[in-house]
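S.K.: Mind looking over this structure? Questions follow.
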Amino acid sequence: MDTKRITRLALLTALALILFTVEAQIPPPVPIPGVKLGLANIITVYAMFRFGPRDTLLILLTRVLLGSFVTGAVSALIFSLSGGLLCYLVMLALRRVLTERQIWVCGVIGAVTHNIGQVLACVAVYQTTAVLAYLPPLLLSGIVTGLFTGLAATYLLKRLNGLL
């Protein structure tokens, strides 16, 4: 790795970690466990389209690991990791078919698959399908928040094009 690439990855990881940490301090918008804005996903979507899969995976894994330690939610690491990795895999596939004008779609589908990954991890950890009852409200919130993060990533890509 060259110095420029390491610096770029560190900067984006720090931004994602800051967004993740700030969001952890914001009260949930609705009283349903697992519903949150997903602000750090703005950086993930941006990185996927601007820098590619390898760099995005490094940013994602570092942010998830450090984020769990910074917020003290180490027990939630498996849920964040499973949701993040499923989201990453789906965005990787979408990256091949979407244009830069359609990044917002990646935000929506990424948020929805992140929620699916978390619920599947919850089913596996707790050995019950009762948590599937959370899926409909999580999917609805994923559409709304994913639209926001996708549009924010689109704006970020346009504004920072050529800077990093």
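Where a number appears in this text, it was derived from the coordinates with a stated rule and is not lab data. Bear in mind the structure is a predicted one, so any value in this text is a computation, not a measurement. All Cβ positions, glycine included, derive from the backbone under ideal geometry; neighbour counts span all protein chains shown.
S.K.: Considering only residues of segment 47-94 that are among the polar types (S, T, N, Q) and surrounded by fewer than 18 Cβ atoms within 10 Å (Cβ to Cβ), which is nearest to residue 160 (Cα to Cα)? Before you say what the answer is, go through the steps one by one.
M.R.: Residues of segment 47-94 among the polar types (S, T, N, Q): 56, 62, 68, 71, 75, 80, 82.
Filter again for surrounded by fewer than 18 Cβ atoms within 10 Å (Cβ to Cβ), leaving 62, 71, 75.
On the way: 62: 22, 71: 29, 75: 35 Å.
Of everything passing the filter in segment 47-94, 62 is nearest to residue 160 (Cα to Cα).
S.K.: Shifting gears a bit: Just to verify a result, which residue in segment 99-129, among those that are surrounded by 13 or more Cβ atoms within 10 Å (Cβ to Cβ) and free of Cβ contacts under 8 Å to residues at least 12 places away in the same chain, is nearest to residue 59 (Cα to Cα)?
M.R.: 102
S.K.: Out of segment 14-35, which residues are part of a helix (DSSP H, G or I) and over 12 Å from the mean Cα position of the chain (by Cα)?
M.R.: Hits for segment 14-35 are 14, 15, 18, 21, 22, 23, 24, 25.
S.K.: How do the pairs read when you match residues in segment 36-58 that are part of a helix (DSSP H, G or I) with residues anywhere that are surrounded by fewer than 21 Cβ atoms within 10 Å (Cβ to Cβ) and among the small types (Gly, Ala, Ser), using Cβ under 6 Å and keeping only pairs 6 or more apart or on different chains?
M.R.: 42/152
S.K.: Given the residues 142, 110, 150, which is the only one that is on the phi < 0 side of the Ramachandran plot, in a helix (DSSP H, G or I) and in contact with a His (Cβ under 9 Å, 6 or more places away or on another chain)?
M.R.: 142
S.K.: Also: Tell me whether segment 88-97 contains one or more residues that are out of contact with any strand residue (DSSP E or B) (no Cβ under 9 Å at 6 or more places or on another chain), outside any helix (DSSP H, G or I) and without any contact (Cβ under 8 Å) to a residue 24 or more places away in the chain.
M.R.: yes
S.K.: Any chance segment 123-134 includes a residue that's in a helix (DSSP H, G or I) and in contact with a Cys (Cβ under 7 Å, 6 or more places away or on another chain)?
M.R.: First, the residues of segment 123-134 that are in a helix (DSSP H, G or I): 123-126, 130-134.
Now drop any that are not in contact with a Cys (Cβ under 7 Å, 6 or more places away or on another chain), which leaves 131.
The answer is yes, given that some residue of segment 123-134 is in a helix (DSSP H, G or I) and in contact with a Cys (Cβ under 7 Å, 6 or more places away or on another chain).
S.K.: Next up: Does any residue in segment 59-72 that is within 13 Å of residue 22 (Cα to Cα) come within less than 6 Å, Cβ to Cβ, of a residue that is among the aromatic types (Phe, Trp, Tyr) six or more places away or on a different chain, and which pairs are these?
M.R.: Once the first residue is within 13 Å of residue 22 (Cα to Cα) and sits in segment 59-72, its partners that are among the aromatic types (Phe, Trp, Tyr) give 67/20.
S.K.: Now for a different question. Output the residues belonging to segment 153-164 that are among the aliphatic types (A, V, I, L, M) and either surrounded by 13 or more Cβ atoms within 10 Å (Cβ to Cβ) or in a helix (DSSP H, G or I) (or both).
M.R.: 153, 156, 157, 160, 164
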